[in-house]
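Colleague: This is the structure I want to talk about, given as structure tokens.
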Amino acid sequence: MSSLGRAALEALDLVAGADPKLAGIVLLSLRVSLTAVALSCVVGLPLGASIAVSRFAGRRGVVVVLNALMGLPTVVVGLAVYLLLSRAGPLGALGLLFTPAAMVIAQTILITPIVAALSRQVVEDAWEEYREQLRSLGEKRFGAAITLLWDLRFSLVTIVLAGFGRAAAEVGAVIIVGGNIDGVTRVMTTAIALETSKGDLPLALGLGMILLTIVLLLNAAAYVVKETAQRRYG
Amino acid sequence: MTSAMRAPRSLLPLRLEDVVFAVGGRRVIDAVSLTLEAGSRTVIVGPNGAGKSVLLRLCHGLLQPTSGTIAWNAPELPGAPRRQAMVFQRPVLLRRSALANIAYALAVARAPASQRKTRAREALHKVGLDALAAHPARVLSGGEQQRVALARAWALNPEVLFLDEPTANLDPGATHEIERVVGAMHAAGTKIVMVTHNLGQARRLGDEILFLHQGRLLERASVDRFFRQPASAEAAQFLEGELPW
């Protein structure tokens, strides 16, 4: 049997046996990335919607910068957060470096622009249709932004997923600020990178399979929710 | 003084003086002066591009005039609940139930939370949509959506209701239903200002006609007089073109 086949079989064993080490890594990954997504939504959705319904000087520049920030290199964000949180850094006193909190911070910075930029686009398109009606009812700008976010909730699911996908899949930022410490800050992507370089292909492969499955399941669930809801609510 | 505070002064009359609305140098509304009084149903007619919808939006405050003044008898205070409503050609409803759409408008108008559902239900009842209260608003038929939009406007008890070709996309049955509701709102004391392309509708629903042509208010007359004997050549021509009989 080829080494790949053997590795795949062993990986299946690990997954099926719910290997505690593996489970710990998976759970930490989910905890970090889901927290980062939640924080990004709290900041990014209202930010994107507010920009969508506002007109101010320099708005175009803001939109361009926001769109550009979607492509932030993960290692650069990792480095920046590292500098902020390192002992000598401005936030060094918090002692957050090499903790899951640092990883959450880095991923939040990474995906907030994605959530904000994409929701800005979606809300702005809808704003064209809703503007006169909402203004006629006497809705203020911020109120309109919130109303639109809720009205577009099914479309925003896809955006939130894009953010989660980016967070769960990135390795550059979490490895720098987390340090890939066994049992503390090791997540799926950093573990895959490490195990591959060590030659422990079964664990790497097993993690890879789980990562793919999680992303696939989430997307499938979101798709079903979106389709059903759109058929129901129009 | 105290009585004025208890019963706020009426919004109407609305006075437009020398109102101009220009887009890229072209005067879409050209020096329109008019006073809209409470009570009567005012119908705005005119050929395409005459500026009818723009005039309605200027009155409702959705557009600001390039020059001239638009003044209500008692201006709405910024931030205070609106005392006028508008129904658009294509109703814009939110992705929630018909009832929730109306409750939302009441929330924006700062109606007490405890009253919203009841008032929304009453409004739906008045437009004959009780059965569809829990239905998602956006999947209703075009006519039903427009009735929800009217119910939403009615729930707010506006002093003035602006309508911009509310039946342009509807079949005769739905049109009839909308006209019934507009008539009922008027009977309940709301001033009606409506743009329509349907001259039969203008006759059925209107008390007076404003005839707009190339951004100018060329004629203002009672419905009877306007259709019997238009004063301007443009209006006569317009009626001839629009009425095939």
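Colleague: Answer yes or no as to whether residue B:39 is surrounded by fewer than 20 Cβ atoms within 10 Å (Cβ to Cβ), in a loop (DSSP other than H, G, I, E, B) and either within 14 Å of chain A (Cβ to nearest Cβ) or not polar (S, T, N, Q) (or both). Working first, answer last.
Modeller: Values: surrounded by fewer than 20 Cβ atoms within 10 Å (Cβ to Cβ): yes; in a loop (DSSP other than H, G, I, E, B): yes; either within 14 Å of chain A (Cβ to nearest Cβ) or not polar (S, T, N, Q) (or both): yes.
Taking the combined requirement at face value, the residue satisfies it.
A quick yes/no check of all residues on (1) among the β-branched types (Val, Ile, Thr); (2) away from chain A (no Cβ under 14 Å); (3) in a helix (DSSP H, G or I):
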{"position": "B:145", "(1), (2), (3)": "no, no, yes"}
{"position": "B:162", "(1), (2), (3)": "no, no, no"}
{"position": "B:169", "(1), (2), (3)": "no, yes, no"}
{"position": "B:173", "(1), (2), (3)": "no, yes, yes"}
{"position": "B:192", "(1), (2), (3)": "yes, yes, no"}
{"position": "B:218", "(1), (2), (3)": "no, yes, no"}
{"position": "B:231", "(1), (2), (3)": "no, yes, no"}
{"position": "B:239", "(1), (2), (3)": "no, yes, yes"}
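Colleague: List every residue pair whose Cβ atoms lie under 7 Å apart, where the two residues are 6 or more positions apart in sequence or sit on different chains, the first residue falls within the range A:171-198 and is within 15 Å of residue A:98 (Cα to Cα), and the second residue, located anywhere, is among the charged types (D, E, K, R) and crowded, with 17+ Cβ neighbours inside 10 Å.
Modeller: So the pair list comes out as A:180/A:186.
Colleague: Now for a different question. Residue A:206 passes all but one of (1) crowded, with 23+ Cβ neighbours inside 10 Å; (2) within 14 Å of chain B (Cβ to nearest Cβ); which number fails?
Modeller: (2)
Colleague: Which one of B:100, B:107 is over 16 Å from the mean Cα position of the chain (by Cα), within 13 Å of residue A:139 (Cβ to Cβ) and of a type outside the set (S, T, N, Q)? Can you show your working first?
Modeller: Working: B:100 fails: within 13 Å of residue A:139 (Cβ to Cβ).
Within the list B:100, B:107, the selection yields B:107.
Colleague: Hey, another quick one. If you check every pair at least six apart or on different chains, which have Cβ atoms under 8 Å apart with a residue in the range A:87-109 that is more than 27 Å from residue A:162 (Cβ to Cβ) first and a residue that is of a type in the set (D, E, K, R) second?
Modeller: Close Cβ pairs satisfying both conditions: A:97/A:87.
Colleague: Cβ contacts < 6 Å: first residue in a strand (DSSP E or B), restricted to the range B:13-34; second residue aromatic (Phe, Trp, Tyr) and crowded, with 20+ Cβ neighbours inside 10 Å, any location; separation 6+ or different chain. Result?
Modeller: Close Cβ pairs satisfying both conditions: B:14/B:72; B:28/B:21; B:29/B:21.
Colleague: Can you name the condition, by its number, that residue A:153 falls short on among (1) closer than 21 Å to residue A:56 by Cα; (2) under 22 Å from the mean Cα position of the chain (by Cα); (3) of a type in the set (Lys, Arg); (4) within 14 Å of chain B (Cβ to nearest Cβ)?
Modeller: Of the numbered conditions (1) closer than 21 Å to residue A:56 by Cα; (2) under 22 Å from the mean Cα position of the chain (by Cα); (3) of a type in the set (Lys, Arg); (4) within 14 Å of chain B (Cβ to nearest Cβ), the odd one out for residue A:153 is (1).
Colleague: May I ask you to say which residue of B:116, B:26, B:121 is surrounded by 15 or more Cβ atoms within 10 Å (Cβ to Cβ) and away from every other protein chain (no Cβ under 14 Å)?
Modeller: B:121
Colleague: If I filter the range A:62-82 for residues that are aromatic (Phe, Trp, Tyr) and surrounded by fewer than 17 Cβ atoms within 10 Å (Cβ to Cβ), do I get at least one hit?
Modeller: no
Colleague: Have a look at A:23, A:38 and point out the one that is over 16 Å from residue A:118 (Cα atoms) and either exposed (fewer than 15 other Cβ atoms within 10 Å of the Cβ) or within 20 Å of the chain's Cα centre (by Cα) (or both).
Modeller: So the residue among A:23, A:38 that is over 16 Å from residue A:118 (Cα atoms) and either exposed (fewer than 15 other Cβ atoms within 10 Å of the Cβ) or within 20 Å of the chain's Cα centre (by Cα) (or both) is A:23.
Colleague: Taking the range B:76-100 on its own, how many of its residues are touching a residue at least 40 places away in the same chain (Cβ under 8 Å) and farther than 30 Å from residue B:143 by Cα?
Modeller: 1
Colleague: Okay, next question. Could you tell me which residue of the range A:182-220 is nearest to the chain's Cα centre (by Cα), considering only residues that are charged (D, E, K, R) and not in a helix (DSSP H, G or I)?
Modeller: Out of the qualifying residues, it is A:186.
We did not get these values from a lab; they are worked out from the coordinates using the rules stated. Owing to the predicted nature of the structure, the values given are computational and were not obtained by experimental measurement. For neighbour counting, all protein chains shown are included, and Cβ atoms are generated from backbone atoms with ideal geometry for every residue, glycine included.
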